[in-house]
Amino acid sequence: MAQHQFQTEVSRLLHLIIHSLYSNREIFLRELVSNASDALDKLKYLTVADDAYKNLNFDPRIDISFHKDETAGASTLTIADNGIGMNEAELGDSLGTIARSGTRNFLDKLAEDAKKDSNLIGQFGVGFYSAFMVADKIEVISRKAGENAAWKWTSDGKDGYDIESAQRDTQGSTVVLHLTEEGTEYANRWSIEDIIKRYSNHVAFPIYLTYDEKEYDDKGKEKGSKTKTDRINSGTAIWRRAKSELKDEDYNEFYKQLGHDTDEPLFYVHTKAEGTLEYSTLFYVPKKAPFDMYNADYKPGVKLYVKRVFITDDDKELMPTWLRFVRGIIDSEDLPLNVSREILQQNKVLLNIKNGSVKKLLGEFKALADNNTEKWETFVSQYNRPLKEGLYQDFGNREAILELVRFKSSTVEGWTSLADYASRMKSDQKHIYYITGGDEKTLKASPLLEAYTAKGIEVLIMDDEIDDIIISSVGRYKKPSVGEGDSALSQEWELKAVNRAGADEELGEKKDKAAEKEIKPVIEKIKKALGDRVKDVKLSRRLHDSPSCIVADENDPTMQMQQMLKAMGQTEMPDIKPILEVNGDHPIVAGLRDLEDEERIADVAGVLLDQALLVEGIKVKDPTDFVKRLNRLLSR
Ligand code: ADP
């Protein structure tokens, strides 16, 4: 038996792992299974690529078994594979040293931080040594494929290891863990199954568990036990399979298991990227938006795998938040297996995968919008809102998202896109108009729409409470250009809120100087009567039937927005006054011209303002005052 010392780095790493990863020690099984799977992958490759291995009888599998002994420290857990195996030299190199460069620096850094931050260690492949968190002695019996000799590596994980000659019938490695007293919990059928299902269910090779099952006679008396072997991973990894091999049913079945949904998904997107980055993604959009997606503690449904090994499903960075309704899998070939959360967030590989995935999903949404009315309508009814969130969160994709969001309209039924709106615009129309601040019914009845309707100008009805914030941040809509080169027609419009000063410039019909001059005394009377209740009083160009309306000054928040912010607890906000616009042709307004009774002027002006607020769904500050004025006017 040859005795060997661990390379200093190994001892230090062992020490660190045991002290910093202990609370998450079950990952040791994931690490050993991944090593076994890698060993199988390597041999599988050789059987394809190397003539010397072509005739090898190779049925790749991983076998787990355990022996439970009530004596403290006498239980074992065994993980065996029939993969590539290791010879004497490789056992020493692989399990006695750390070959990677930069290890020493890394360990120096870790030594300082590891106790504070166990995630740091994830930057490093903890691998095989993590088994020393549950074992105080490990044996690895290995035989290299193509060689006849087998070797046994033994270590207590303290300062060194022994290697001696051993017996093994086939190529591969058998790792025997002599469990510590605490590690004994893993000598148990249920915990092994549970850990494998959680972390290694999609490892491509079958994983078998051998266990003893007690047998009972007719009277229920124990009569002995029988050894059984079950396959415990599904190994489907359907996202790694060719699309041509898969049917809708396969995708749907996998979705139900993944998304814990009894319903089928609305649709799925399966992608395999090859080239500089190799990864597979399989995304699903549920038919119904997750009920809790607007809660702060919502857990997004995309899982990260590295080479089929589950890494995390709890990373908010995997997908942008506005796509949090998407469920599915990202499986990368290029990330290290032990990539930690902190590392994930700045990882370029993952960032590229993420960007690619968002683009892919956007393309898929667009295809749905263009080709599948029924599904698209379901999609809009469920996900229009998160798409709008994307408009202000995801600047880089704003143009693409803007093509997907839908709005209601003053002239057409149902949902409309900005592109459709643009195609219906009048030839001389300068802007895209919208109205916000209330439910659909209130908005459609708003006096602000009158002149637009009269002129046949369409106004988008934005009745979602977040529309106000979103759309003012968007500002413009650029129609994707058609054609190429110089003839490409790229048109761009400003989005204008009709409830703001300045949005009425195209409604110029009443921009008649004479009329303005004539009405001036009336305006002055109203201004005087309303005092500081309004920012200004103006002759309106946008009213047809109603006597008055309110608008917000160009850069002021609308009254509705102020009302919403107050409801959300922003009580400190100063009152920003609206501008009152009056319709000079309306008899109520015209009637003020010859009126001199100041009390009556004050009543009329007050009612003009309050009714304009009321139709916009805004609370009147002093309802008693409003009612008194109204009654005085009615009884005259
Ligand atoms: P990593 O897997 O990140 O390289 P490990 O410490 O887990 O780190 O393993 C070190 C090396 O030991 C592996 O790279 C591999 O060469 C070898 N090894 C470990 N387990 C096995 C196994 N079951 N079969 C063959 N080689 C193995």
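The values are calculated or read from the model by the stated rules, or taken from the named source; none is laboratory data. The structure displayed is predicted, hence computed values, not measured ones. Because the Cβ atoms are built from the backbone with ideal geometry, glycine has one as well, and the counts that use them run over all protein chains shown. Just the protein is used for accessible areas: all its heavy atoms, side chains included, with ligands, DNA and RNA removed. Shrake-Rupley method; radii C 1.70, N 1.55, O 1.52, S 1.80 Å.
Straight-line cross-link reach from Lys152 at under 12 Å between alpha-carbon atoms covers these aspartates and glutamates, not counting any fewer than eight positions away in the same chain: Glu88, Glu90, Glu139, Asp162, Glu164. In this view, the solvent-accessible surface of Arg476, computed with a 1.4 Å probe and all protein chains in place, comes to about 110 Å². Between Leu565 and Lys621, the C-beta separation translates, for a Förster distance of 25 Å, into a calculated FRET efficiency of about 0.90. Using a probe of 1.4 Å, the accessible surface attributed to Arg241 totals some 90 Å² when neighbouring protein chains are kept in position. Sorting Lys219, Lys388, Lys158 by solvent-accessible area of protein heavy atoms yields Lys219, Lys158, Lys388, largest first, with a 1.4 Å probe.
Give me the dipole magnitude in Debye, nearest 20, for the chain about the Cα centre, with unit charges on the beta carbon: positive for Lys and Arg, negative for Asp and Glu. Spell out each step's value before the answer.
Values: 90 positive and 111 negative charges, 196 e Å.
Taking the Cα centre of the chain as origin, the dipole is about 940 debye.
Tilt of helix 598-615 relative to the longest C-alpha principal axis of the chain, in degrees (0 to 90, nearest 10)? With both axes taken from Cα atoms, the answer is about 30 degrees.
Counted residue by residue at 0.36 nm each, then reduced by the alpha carbon distance between them, the extension gain from Lys520 to Tyr216 reaches 99.2 nm. Tell me the chymotrypsin sites (Phe, Trp or Tyr not before Pro) within the stretch 190-299 that lie in a loop according to DSSP and have at most 15 other beta-carbon atoms within 10 Å. Sites meeting the loop and neighbour criteria: Phe291, Tyr294, Tyr298.
Rank by packing, highest mean first: peptides 83-92, 319-328, 229-238, with packing defined as the count of other Cβ atoms within 10 Å averaged across residues. Don't jump to the answer; show the numbers that get you there.
Numbers: 83-92: 20.1, 319-328: 21.9, 229-238: 16.2.
Packing order, densest peptide first, comes out as 319-328, 83-92, 229-238.
Counting other Cβ atoms within 10 Å, keep those with at most 16, restrict to DSSP loop, and tell me which chymotrypsin sites (Phe, Trp or Tyr not before Pro) in the stretch 379-458 are left.
Values: sites: Phe379, Tyr383, Tyr392, Phe395, Phe407, Trp415, Tyr421, Tyr433, Tyr434, Tyr452; in loops: Trp415.
Filter output for the stretch 379-458: Trp415.
A 1.4 Å probe run over the chain, with the rest of the protein chains in place, finds 50 Å² accessible per residue.
222 nm [θ] for the chain, helices only, -39500 (n - 2.57) per DSSP H run of 4+, per residue, to 500?
Mean residue ellipticity, 222 nm, calculated: -10500 deg cm²/dmol.
Accessible surface ranking for Leu595, Leu77, 1.4 angstrom probe, highest first: Leu595, Leu77.
Carbon and sulfur: what percent of the chain's accessible surface (1.4 Å probe)?
That fraction is 47 percent.
The lysines within cross-link reach of Lys221, meaning a Cα-to-Cα straight distance under 26 Å and a gap of 8 or more places when in the same chain, are Lys68.
Entry note, the chain: relative contact order of 8 percent, from Cα contacts under 8 Å with a spacing of 6+ residues.
Sort the stretch 381-482 into rounded, prolate or oblate with this rule: let a ≥ b ≥ c be the square roots of the eigenvalues of the Cα gyration tensor; rounded if a/c is under 1.5, and if a/c is not under 1.5, prolate when a/b is larger than b/c, oblate otherwise. Please list the in-between numbers first.
Working: a/c = 1.91, a/b = 1.26, b/c = 1.51.
Oblate is the answer for the stretch 381-482, as a/c is 1.5 or above yet b/c matches or exceeds a/b.
Computed on the Cα atoms alone, the convex hull of the stretch 597-636 gives a volume of 55 cubic angstrom per residue. Each principal axis of the stretch 211-264 carries a Cα extent, and these read 51, 24, 15 Å when sorted largest first. Cα gyration tensor of the stretch 407-459, axes a ≥ b ≥ c as square roots of the eigenvalues: rounded (a/c below 1.5), prolate (a/b > b/c) or oblate? Note, shape of the stretch 407-459 comes out oblate.
Over all other residues within a Cβ to Cβ distance under 12 Å of Gly456, the charged ones net out to 0, with Lys and Arg as +1 and Asp and Glu as -1.
Surface calculation, 1.4 Å probe, protein heavy atoms: Met559 sits at approximately 50 Å² accessible.
In plain terms, the chain from Asn57 to Arg632 could stretch by 196.8 nm, reckoned as 0.36 nm per residue minus the Cα-Cα distance. Taking 20 Å as the cut-off, the amide N atoms of the stretch 289-326 that come nearer than this to a point 7 Å along the Cα-to-beta-carbon line of Asp248 belong to 289. Applying both filters, DSSP loop and at most 13 other Cβ atoms within 10 Å, to the GluC sites (Glu not before Pro) of the stretch 566-636 gives Glu572, Glu596. Within the chain, the percentage of alpha carbon pairs spaced more than 39 angstrom apart rounds to 52%. Other residues with beta-carbon under 13 Å from the beta-carbon of Ala369 carry, at +1 per Lys or Arg and -1 per Asp or Glu, a net charge of -3. Using 0.36 nm per residue and subtracting the Cα-Cα separation, the extra length available between Arg240 and Thr47 on full extension is 67.4 nm.
Quick check: with the 1.4 Å probe, what order do Leu539, Leu368 take by accessible area, largest first?
Values: Leu539 40, Leu368 20 Å².
Listed by decreasing accessible area, they come as Leu539, Leu368.
The residues packed around Val551, meaning those with a beta-carbon under 9 Å from its beta-carbon, carry a net charge of 0 if Lys and Arg are +1 and Asp and Glu are -1.
A straight Cα-to-Cα reach below 24 Å connects Lys354 with the lysines Lys243, Lys256, Lys272, Lys287, Lys288, Lys299, Lys303, Lys307, Lys316, Lys366, Lys388, residues fewer than 8 places away in its own chain not being considered.
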